[in-house]
Amino acid sequence: MSAQKKWLPRLVPAGVLLVGAAAFALLKSSAEPPQRVEQEYLGPLVQAADFPAGRAQVVIEGQGTVRPSAQIDLVPQVSGVVVWKSPRLESGGYFSRGEELLRIEPRDYELAVAQAQAQVAQAALRLEQAREQAAVARQEWALLHPGQEGSPLALYVPQLEAAQADQGAAQARVEEAQLRLQRTRLRAPFAGRVRQSRVEAGQFVSPGQPLAQLYSTEQVEIAVPLPDEDLGWFALPGLGRAADPELIRRPGESGAAERSGERTGALVSGWHAGQRHQWQGRVVRAEGEIDPQSRMVSVVVEVEDPQGQAEAPLLVGAFVAVAIAGRQVEGVRTLPRAALRQDNTVWVATPTGTLQVRPAQVVRVLEEEVLARIELAEGERIILTPLSGVSDGMKVRLAGEVGQ
């Protein structure tokens, strides 16, 4: 009994292990092997959008600096001492058309007018005397030589003509003196501003001496440098031709925008006092040469009434952005620039879930968008998601449509 009790604790664990091993072997022999399930690859997840074809207006954008349409030096045509100067004839001063800006001492010119008028009176008296003498000469000739034609000298004709000429010359001297008197008052030829003033009251001035520099605010201009190919998108007066790229010509489209004399509209925008403002302008001409450095052509945009057109004035020297309204084109789609791929192609998602590389006929590349003609069937979308390793016919999954 003592020997059996001694081996019994050792046999119990061994029995448990044997029973467990037998149960495991039984379960393993009765279990079925796992089934292999193959999943179909549906392609990368992409975003796509429908960009319908329609009419779009091409906008040509550029930048330029505002400059006056007219700028002159204020110069006197007579000499004398300045007796009065307008308080507006200072740098930055505004003035209106016809406003008096400067006055020169007029006394000498008033006396010249009086002298000329006295000479007219004397000439009129001499003319009257010559007429009386001519009448007497005709009467005497008729009495002494009845029926005969007298010589002009005997009839006092040259003397009468000389008196008439003297009177005409005296009258011209009056008008000249009056004109010089008028020129003692210097008036503004247009509404504008003073850029620089170089004259003060009491100063003696001479004819042709620059006294101030004025520029017009009735109109301003912006010279906008553009590439030569951009000139074909809008009517340009004075160009002599209107380039029209064949890319945008389709059957039924008209070139009426290039009719002679038509002015193209433009929108000018810039900053003043911390706020952005806009002014309406128009294209009036192109400058006469291509810039040798940039190889660009400057198109001149004119803005009428830049002081009163908006809440803020369009100041000379301001740097502004200009958007020129170009021709409208039919059958184009407006895409984000990111949607245009290499070699002017786009990726198209078909209704069957495949990707197709489709050529795009690019009409115009803008700063953030592209105008292009693309053939799309019903249900096809343009892919916007960037992908690597793209191949024609590969599978894609649509994550949803992106609204424009």
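The values are calculated or read from the model by the stated rules, or taken from the named source; none is laboratory data. All of these numbers come straight from a predicted model, not from anything done at the bench. Methodologically, a virtual Cβ is constructed for each residue, glycine included, from the backbone with ideal geometry; neighbour enumeration extends over all protein chains shown.
A few notes on this one:
- Single residue of GLN203, GLN213 found to be more than 21 Å from the chain's Cα centre (by Cα), under 30 Å from GLN63 (Cβ atoms), surrounded by fewer than 20 Cβ atoms within 10 Å (Cβ to Cβ) and modelled with pLDDT of 95 or more: GLN213
- Failed criterion for ARG276 (all others in (1) outside any loop (DSSP other than H, G, I, E, B); (2) modelled with pLDDT under 90; (3) of a type in the set (D, E, K, R) hold): (2)
Yes or no, residue by residue, for (1) under 30 Å from VAL58 (Cα atoms); (2) part of a loop (DSSP other than H, G, I, E, B); (3) modelled with pLDDT under 95; (4) among the β-branched types (Val, Ile, Thr):
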{"site": "GLU149", "(1), (2), (3), (4)": "no, yes, yes, no"}
{"site": "PRO158", "(1), (2), (3), (4)": "no, no, yes, no"}
{"site": "GLN164", "(1), (2), (3), (4)": "no, no, yes, no"}
{"site": "ALA172", "(1), (2), (3), (4)": "no, no, no, no"}
{"site": "GLU176", "(1), (2), (3), (4)": "no, no, no, no"}
{"site": "LEU186", "(1), (2), (3), (4)": "no, no, no, no"}
{"site": "GLY238", "(1), (2), (3), (4)": "yes, yes, yes, no"}
{"site": "ASP244", "(1), (2), (3), (4)": "yes, yes, yes, no"}
{"site": "PRO251", "(1), (2), (3), (4)": "yes, yes, yes, no"}
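- Across the stretch 87-117, the qualifying residues are those that are within 30 Å of GLY192 (Cβ to Cβ) and of a type in the set (Gly, Ala, Ser), and the one among them that is surrounded by the most Cβ atoms within 10 Å (Cβ to Cβ) is GLY93.
- Apart from one condition, LEU160 fits all of (1) of a type in the set (A, V, I, L, M, F, W, C); (2) within 30 Å of ALA70 (Cα to Cα); (3) without any contact (Cβ under 8 Å) to a residue 40 or more places away in the chain; the exception is (2).
- Residue match in the stretch 336-346 (condition: in contact with a helix residue (DSSP H, G or I) (Cβ under 9 Å, 6 or more places away or on another chain), modelled with pLDDT of 95 or more and under 30 Å from VAL59 (Cα atoms)): yes
- Here ALA177 qualifies as surrounded by 16 or more Cβ atoms within 10 Å (Cβ to Cβ) and under 60 Å from the mean Cα position of the chain (by Cα).
- So PHE234, is it closer than 16 Å to LEU102 by Cα and either more than 16 Å from the chain's Cα centre (by Cα) or crowded, with 17+ Cβ neighbours inside 10 Å (or both): no
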